[in-house]
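What follows is calculated from the coordinates using simple rules that are stated; it is not laboratory data. Source: prediction; values computed, not measured. Ideal geometry is used to build each Cβ from the backbone, glycine not excepted, and the neighbour counts take in all protein chains shown.
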Amino acid sequence: MSGVRYLRLLATQLRVSIALGMQYRWDFVLGAVMTVVWTLVGLVPLHIALASRPPVGGWTYERALVVVGWFTLLKGVLEGAVNPSLISVVDQIRRGTLDFTLLKPADAQFLVSTARFEIRKVVDGAAAVAIFVYAFTEMGRAPAPGDVALSLALLGTATLVLYSICILVISAAFWVVRLDNLAYLFNALFDFARWPVTLFKGFWRITFTVVIPLALMTTYPAEAMLGTLEGRTAVGAVLGALLFGAVARAVWKRAIGRYTSASS
């Protein structure tokens, strides 16, 4: 029953976010327009680097567009479902007002992770689908159903890794007063996920594969959709995502133990 209870809580949070989003419809429309504009602007460097040129590291322009599609989708998840809730936690920790969440009869991590959603970021999902359709149309083929299923499964692992990294960053607020620069640094590094990880060499490739696994977030789902991802790589991605999730949970639990409330 606990799982059903948390699903109901999530549904309630979503309904509240949708209601708030519909109160400012022009903000939704403007946000949708800006999403399309920034998506098109983000395609310019890729077009300059790969369009009408021989493949680089095995990536043609059309194949690299699939990576951009996954980047656009994950960016929507980050800015629409992860950041809106977790960023406010830093201020609550700083003020010592996280008590209101901790006293509720539900898991604190779940509550802070689902406190708010930016519904207008669903436009990023639509933009990602448009990029996928265009890329495969240019390649003259459609992705195989099995490849689509595997890529969607890896979307789950990518979301888990993205969420876990954000939880680790937010947990650091229990030890560090100011986290603004760290949050900006992660957002800047995440922008590299729009490029296939195999285009990077040496130190950066290791960093974006192991330390900050951007490859798991965008390149691996793209390779799965293209039908080129090796089975052992997919298994490693799932195991790596589960490990990230377990570490993030453990760090969060320890961080909560250090929390000093406003009433302490």
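Compute a Gaussian network model of the chain, connecting alpha carbons closer than 10 Å, and tell me which residue from 149, 222, 115 fluctuates the most.
Taking springs between Cα atoms under 10 Å, the residue moving most is 149.
Over region 22-127, what relative contact order in percent results from Cα pairs under 8 Å that are six or more residues apart?
Once divided by the residue count of region 22-127, the mean separation gives 37 percent.
How big is the dipole moment of region 65-159 about its Cα centre under a simple scheme where the beta carbon of each Lys and Arg is +1, that of each Asp and Glu is -1, and everything else is neutral? Debye, nearest 20, please.
In total the dipole reaches around 180 debye.
Can you give the charge dipole size of the chain about its Cα centre, rounded to the nearest 20 debye, using +1 on the beta carbon of Lys and Arg and -1 on the beta carbon of Asp and Glu?
Working: 23 positive and 14 negative charges, 119 e Å.
So the magnitude is around 580 debye.
Give the residue from 247, 225, 213 lying farthest towards the positive end of the charge dipole for region 151-255; charges sit on Cβ (+1 for Lys and Arg, -1 for Asp and Glu) and the dipole is referred to the Cα centre.
Projecting each Cα onto the dipole axis, the largest value belongs to 247.
For residue 126, what is the net charge nearby, where nearby means another residue's Cβ is under 14 Å from its Cβ and Lys, Arg count +1, Asp, Glu -1? Can you show the working numbers first?
Working: positive: 75, 120, 121; negative: 124.
Counting the neighbours of residue 126, the net charge comes to +2.
Among 153, 167, 123, whose Cα lies farthest out toward the positive end of the dipole of region 100-188, if unit charges sit on the beta carbon of Lys, Arg (+1) and Asp, Glu (-1)?
167
Would you mind calculating the relative contact order of region 2-257 from Cα pairs under 8 angstrom and at least 6 residues apart, reporting the percent as a whole number? Each step should come with its number before you reach the end.
Working: 265 pairs, mean separation 65.7, N = 256.
Once divided by the residue count of region 2-257, the mean separation gives 26 percent.
Using Cα pairs under 8 angstrom and six or more residues apart, how large is the relative contact order of region 81-137, in percent?
45 percent
Can you find, among 143, 193, 61, the residue farthest towards the positive end of the dipole of the chain? Put +1 on the C-beta of Lys and Arg, -1 on that of Asp and Glu.
Of the options given, the answer is 193.
Might you report the magnitude of the Cβ-based charge dipole of region 7-139 about its Cα centre, with Lys and Arg at +1 and Asp and Glu at -1, to the nearest 20 debye?
220 debye
How many nm separate the modelled label positions at residue 201 and residue 19, each set 7 Å beyond the Cα in the direction of the Cβ?
In this crude spin-label approximation the distance works out to 5.7 nm.
Sequence gap of 8 or more, or different chains, plus Cα separation below 29 Å: how many lysine pairs satisfy both in the chain?
Numbers: 75/121; 75/201; 75/253; 104/121; 104/253.
Within the chain, the lysine pair count is 5.
Under the rule of -39500 (n - 2.57) per DSSP H run of 4 or more residues, summed and divided by the residues of the chain, what mean residue ellipticity at 222 nm is obtained, to the nearest 500 deg cm²/dmol?
Rounded to the nearest 500, the figure is -23000 deg cm²/dmol.
Send over the Kirkwood Rh of the chain, from the inverse of the averaged 1/r over different Cα pairs, rounded to one decimal Å.
Result for the chain stands at 19.8 Å.
Taking K and R as +1 and D and E as -1, what net charge do the other residues with C-beta under 14 Å from the C-beta of residue 246 add up to?
Surrounding charge for residue 246 is +3.
Set the Förster distance to 41 Å, then compute FRET efficiency between residue 258 and residue 37 from the Cβ-Cβ distance, nearest 0.05. Please report the intermediate quantities before stating the final value.
Values: r = 43 Å, r/R0 = 1.04.
After rounding to 0.05, the efficiency reads 0.45.
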